[in-house]
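Chemist: Handing you a structure now.
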Amino acid sequence: MMSKAVLKFIRVAPNKARMIAREVQGMNAELALASLEFMPNKAAGIISKVIASAVANGDFEPEEVVITSCRVDKAAVMKRFRPRARGTASRILKPTAHIMVEVAKAEEA
C-alpha cells in the first residue's frame, strides 16, 4: 500500500529543495522527519510537512513506512522589478516549486 502528498506552488527555489529531497529519498519516514528537524534550510521544514502529510494520508505510522520517492519540480516563476540607477529597472525572479512525496510500507519498498 502506497500513499502520496503533493504541495504545489510553494515559494522555495527548486534547486535548493532538491538538495534536501535527495537526502531523504529511500529513508525511513521517522528517521527522515527527525533529520529534517535539524537542517537549517527553509526547504527542510516544508518537505518534512509534506512527508508527514503523506504518512497521514495512508493512515500509517512514521516508523512503518519508507519514502519511496521525493520529487521537486519547477513551478511558475514570479517576476518582480527593482529600481536601479538612471531610471532603469532590473528583474528579480522568485521561483516556486511543486513537491511530491510517496511513501510505502517498509516490506513493499
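The values are calculated or read from the model by the stated rules, or taken from the named source; none is laboratory data. Nothing here was measured: the structure is a model prediction, and the numbers come from that model. As a convention, Cβ positions derive from the backbone with ideal geometry for all residues, glycine included, and neighbour counts pool all protein chains shown.
Chemist: Does Asp59 satisfy being touching a His at 6+ places or on another chain (Cβ under 9 Å) and not hydrophobic (A, V, I, L, M, F, W, C)? Break it down stepwise before answering.
Modeler: On the way: touching a His at 6+ places or on another chain (Cβ under 9 Å): no; not hydrophobic (A, V, I, L, M, F, W, C): yes.
Against the criterion (touching a His at 6+ places or on another chain (Cβ under 9 Å) and not hydrophobic (A, V, I, L, M, F, W, C)), Asp59 does not qualify.
Chemist: Within region 1-108, which helices (runs of 4 or more DSSP H) (wholly inside it) include 2 or more residues that are among the hydroxyl-bearing types (Ser, Thr, Tyr) and surrounded by 14 or more Cβ atoms within 10 Å (Cβ to Cβ)?
Modeler: Once the helices (runs of 4 or more DSSP H) in region 1-108 are filtered for at least 2 residues that are among the hydroxyl-bearing types (Ser, Thr, Tyr) and surrounded by 14 or more Cβ atoms within 10 Å (Cβ to Cβ), what remains is 42-57.
Chemist: Out of the residues in region 33-63 that are touching a residue at least 12 places away in the same chain (Cβ under 8 Å) and touching a Gly at 6+ places or on another chain (Cβ under 9 Å), which is nearest to Ile99 (Cα to Cα)?
Modeler: Looking at residues that are touching a residue at least 12 places away in the same chain (Cβ under 8 Å) and touching a Gly at 6+ places or on another chain (Cβ under 9 Å), I get Leu36.
Chemist: Kindly provide the set of residues from region 1-59 that are among the acidic types (Asp, Glu) and under 14 Å from the mean Cα position of the chain (by Cα), ordered by number.
Modeler: Answer for region 1-59, where residues must be among the acidic types (Asp, Glu) and under 14 Å from the mean Cα position of the chain (by Cα): Glu23, Glu37.
Chemist: Additional query: Contact list please: Cβ distance under 8 Å, first residue in region 68-95 and under 28 Å from Leu7 (Cβ atoms) and of a type in the set (Lys, Arg), second residue at pLDDT 95 or above and part of a helix (DSSP H, G or I), pairs at least six apart or on different chains.
Modeler: Arg71/Ala21; Lys74/Pro14
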